[in-house]
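Written below as structure tokens is the structure these notes are about.
The numbers here are math on the coordinates, done by the rules we state, and not lab data. Because the structure is a prediction, the values reported are computed rather than measured. In this analysis, Cβ positions are derived from the backbone assuming ideal geometry, glycine residues included, and neighbour counts consider all displayed protein chains.
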Amino acid sequence: MKSSEPKSPARYRSIFISDLHLGTKFSKAERLLDFLRENESENLYLVGDIIDGWAMRRKIQWKQSHSDVIQKILRKARKGTNVHYITGNHDDFLRGFLPLVLGDRIFVENSAEYVGLDGRRYHITHGDFFDTITMTKKWIAVLGDYGYEFLLHLNDPLNRLRRLLGINRYWSLSKYVKDHVKSSVNFIGDFEKILSAYARQQDYDGIICGHIHKAQIRKIDAIDYLNCGDWVESCTAVVETLSGEWKIIDYLETAQ
């Protein structure tokens, strides 16, 4: 029997989330809202593609849960959380107005620096500035976005079929393609190496990013590479604990 008493929120020094894609059908805003209720932090970093301007130019699918996420973030700021909004390619409509400071605790910028509890310095960027396709051939990036959206559309009927077959675990076709198609795997590998090389050139100890919807913490040539993942498929966050440890939270796993 479940206890009726509310669970105390977990507390972290900092939480990093990216690729919420609010304004689209595929944003898992309800799960994100639960995550934000269950986890508190001194700092909250929104690492790009929070509001999907690209998709909203085609069709706005803004649910009440998307507004609830925005309100929850604003309430966190009012209660003392420092909120940093790092822009991405899908919310690049904000970039002409940067930097912005909203009130005492909300900062909107293209990139930021973060110093870990152990003194290591991290460059925070969404990552699209290091994606040559997004920066030089935007039409290809937009076409790829359509293809990705098509694969996301297929996830629901495929998972309904899996449930009929007695397989309840969620499976993502779009994630499978990203992880197993050679061109996609090569693109992700190149992206990670380019970001890590930039961090090394700028004398950073690590890089924190999003963009490719693949959560990861690993070393690349002595550089700490941390990717937040997304809230479209995998529902992940990177956190620094109050003791300075770095972790990935897989909310799809922990919420089961």
What's the extension gain from ASP118 to SER65 if we count 0.36 nm per residue and subtract their Cα-Cα distance?
-> 15.4 nm
Between their Cα atoms, which of LYS25/LYS79; LYS76/LYS219; LYS7/LYS214; LYS7/LYS72; LYS214/LYS247 are more than 21 Å away from each other?
-> LYS25/LYS79; LYS76/LYS219; LYS7/LYS214
Which of ILE208, ILE60 comes first, and how do the rest follow, when ranked by fewest Cβ neighbours within 10 Å?
-> ILE60, ILE208
Space enclosed by the convex hull of the alpha-carbon atoms of the range 215-256, per residue, Å³ | 68
